[in-house]
Amino acid sequence: METNRKSGLRRALGGIWSSIDWLRRAALNLLFIAIVIFLLAAVFSGGGPEVPDKAALVIAPKGALVEQKSGDPQQRAIQKALGNEVPETLVADVVDAIDAAKDDDRIQAILLDLDGLAGGGLDKLVRVSDALRDFRAAGKTVVAAADNYGKNSYLVATAADEIHLHKMGAVLLDGYGRYRQYHKDLIDRVELDWNVFKVGEYKSAVEPYLRNDMSEEAREANIEWMGDIWQDYLEEAAEARNLTAEGLASSVDSMVAMLQQVGGDTAQLALDSRLVDHIGDRDAVRNRMIELVGEDDDGNSFSRVGLDTYLEALGDDRARYSKDGDAVAVVIARGTILDGSQPPGAIGGDSTAKLIREAREDEDVKAIVLRVDSGGGSAFASEVIRREFVLAREAGKKVVVSMGSVAASGGYWISTAADEIWAHPSTITGSIGIFGMFPTYQKPLAEHLGTRVDGVGTTWLAGAFRPDRELDPRVGEVIQTVINRGYDEFLTRVSEARGMEMASVDEIARGRVWSGSDALDIGLVDQLGGLDEAIASAAQLAGLGDDFAVRSMEKELDFKEQFLVDMLATANAWFGPFDVGFEIGGIGGDLLRMVEEEYRFLSELNDPRGVYAHCLCEIE
């Protein structure tokens with residue numbers, strides 16, 4: 001009897017639990033369905049966000065200004081939803097918004113919130129500045145504000161009518177530098193054999209593995225091209241502020257004495273030097289914007305619209321790139337050149353070649369503009385890309401290269417099949433040279449772990465490329481011969497493309513880096529100008545006149561991929577990011593990031609022959 005009662009109780013409790021579990025699952029399913037319906041309605045609903053009748057466009061770029069964001073759209077959407085988005089701002093987004101706002105009666109002013117801008121190359125900064133000046137020419141006001149200005153954010157700020165600085169802030173124009181970590185002592189200490197092969201005394205990319213300091217050749221070349229870029233910067237900033245380049249340079253040189261004169265007040269120093277127009281608290285900027293455009297609906301701040309919201313509101317009215325009619329196709333080549341298929345932010349030999357091939361096979365495309373922003377990488381992938389441009393020209397397409405911040409080494413290799421090459425005066429280019437590296441670690445393996453490698457092979461090449469064995473001198477000769485051959489191929493490409501003798505190319509090659517201005521003087525480029533000028537020239541070469549479309553060549557997403565991107569973007573806009581990341585701070589975090597960045601770069605290099613054309617010439 002007792003057993004029956006217990007059994008009945010268990011059955012009753014089990015039934016209750018089953019009911020509760022069913023209700024729980026049903027509630028979760030209903031909640032999930034409701035969220036999906038909610039997001040679907042948001043994704044596919046008509047109309048965009050509203051722009052106030054009288055407002056300021058707030059442009060607050062985050063991270064670096066780039067030609068192309070890193071990672072494919074799905075990866076970016078997921079990372080943004082998780083709060084781990086890479087801080088990057090598309091320069092085209094900023095310029096398109098400014099251009100549209102210029103003719104938009106609803107936008108009366110622009111506020112540049114520049115605290116988050118990290119950099120992006122002088123060419124991109126100038127491109128934004130030029131758009132801001134056009135906006136001002138339409139009779140509208142630009143206000144720049146920041147707690148502190150570095151050289152990059154300050155250059156953009158100089159295009160404003162008013163520059164505001166926090167009363168405890170500073171303007172730091174530190175110039176350009178090229179500093180790297182050198183590992184020779186470390187390599188010797190851990191007894192690695194870091195076998196290096198190169199051509200060109202200026203090919204300094206491998207120096208950190210051979211020396212403890214910068215070579216005199218690298219020092220000479222670096223200070224020359226960086227000096228050209230710094231002079232361009234000084235002239236651009238000085239002209240905008242009605243100063244002289246010499247005076248601006250002098251104020252940097254005499255900063256210590258000038259700062260002592262104002263008792264260490266960096267904001268007052270910036271005001272006295274006429275670098276800024278106003279110093280004060282943040283609320284002073286807010287009040288100034290209220291004067292220009294009025295208060296928002298809540299009466300707490302000024303009437304405004306953010307960059308992303310404004311671009312979304314523009315929708316199809318944002319017509320930088322059209323798909324109708326005879327067209328100039330634009331292919332973006334940004335990042336390290338790697339073999340195979342790569343996501344945006346890196347240049348894949350296969351994936352970039354595929355975009356060029358699609359443009360070649362499109363009957364409406366009459367010309368192709370390659371926008372290069374790359375220090376190079378795999379020589380093999382560079383040649384795969386170059387070959388596609390040769391085929392495009394043979395098919396009757398005009399090919400024009402537009403060089404961005406850097407188009408050096410492999411970035412110059414892929415440019416050699418063009419009808420015309422455009423560079424910005426500050427473009428880092430040249431670095432025509434080749435290198436390869438093959439480190440081996442048999443010594444520390446034996447010394448510290450007591451592990452040795454032995455065996456047999458049917459030829460001397462069997463096992464010759466194992467990193468845990470000492471490099472056979474004959475293998476070294478093979479690699480150096482391949483490197484020499486690669487350099488000769490590079491010289492040949494440049495010689496044929498530029499109509500120069502091989503000996504003349506060799507004189508300006510050997511791994512040496514040049515500024516865009518110098519590159520024009522020595523015949524490595526044809527014209528100085530930006531992307532828009534290169535596009536116009538390509539259209540002219542193709543005989544398109546003034547009526548042509550501009551088509552951005554990008555990997556198209558299928559329906560599922562686009563749905564995921566749109567859904568995540570909507571969820572992020574409505575609910576905000578879900579922050580699951582963590583940050584390692586302090587000096588230790590900075591050191592770890594630098595080591596990780598160098599290791600990541602080395603681990604990504606994947607040329608099938610181990611032959612690389614990279615300048616490693618980024619500047620700070």
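The values are calculated or read from the model by the stated rules, or taken from the named source; none is laboratory data. Computed from a prediction, not measured in an experiment: that's the story for all the values here. FYI the Cβ positions are ideal-geometry reconstructions off the backbone, even for glycines, and counts take in every protein chain you see. Accessible surface areas use protein heavy atoms only, side chains included; no ligands, DNA or RNA. Shrake-Rupley method; radii C 1.70, N 1.55, O 1.52, S 1.80 Å.
Tabulated results
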item: Residues of region 358-380 that turn out to be in a helix (DSSP H, G or I), under 20 Å from Arg493 (Cβ atoms) and at pLDDT 95 or above, as a count; result: 1
item: Unmet criterion (only one of (1) more than 23 Å from the chain's Cα centre (by Cα); (2) within 25 Å of Leu524 (Cβ to Cβ)) for Ser303; result: (2)
item: Single condition Arg180 does not satisfy, out of (1) modelled with pLDDT under 90; (2) buried (at least 18 other Cβ atoms within 10 Å of the Cβ); result: (2)
item: Residues being farther than 24 Å from Thr266 by Cβ, open to solvent by 20 Å² or more (accessible area, probe 1.4 Å) and outside any strand (DSSP E or B) - total across region 127-163; result: 9
item: Answer residue from region 173-232, given it is under 25 Å from the mean Cα position of the chain (by Cα) and of a type in the set (Val, Ile, Thr) and is nearest to Thr244 (Cα to Cα) among those; result: Ile229
item: Any hit, region 445-465, residues being among the basic types (Lys, Arg) and either within 30 Å of Gln527 (Cα to Cα) or touching a residue at least 12 places away in the same chain (Cβ under 8 Å) (or both); result: no
item: Matching residues, region 518-556, being open to solvent by 60 Å² or more (accessible area, probe 1.4 Å) and among the polar types (S, T, N, Q); result: Gln527, Gln540
item: Test: residue in region 393-402 that is out of contact with any Lys or Arg (no Cβ under 9 Å at 6 or more places or on another chain), at pLDDT 95 or above and either hydrophobic (A, V, I, L, M, F, W, C) or within 20 Å of Arg334 (Cα to Cα) (or both); result: yes
item: Number of the exception - Val305 against (1) touching a strand residue (DSSP E or B) at 6+ places or on another chain (Cβ under 9 Å); (2) β-branched (Val, Ile, Thr); (3) outside any strand (DSSP E or B); (4) farther than 24 Å from Ile535 by Cβ; result: (3)
item: Number of positions in region 274-291 that are in contact with a Leu (Cβ under 9 Å, 6 or more places away or on another chain) and surrounded by fewer than 19 Cβ atoms within 10 Å (Cβ to Cβ); result: 4
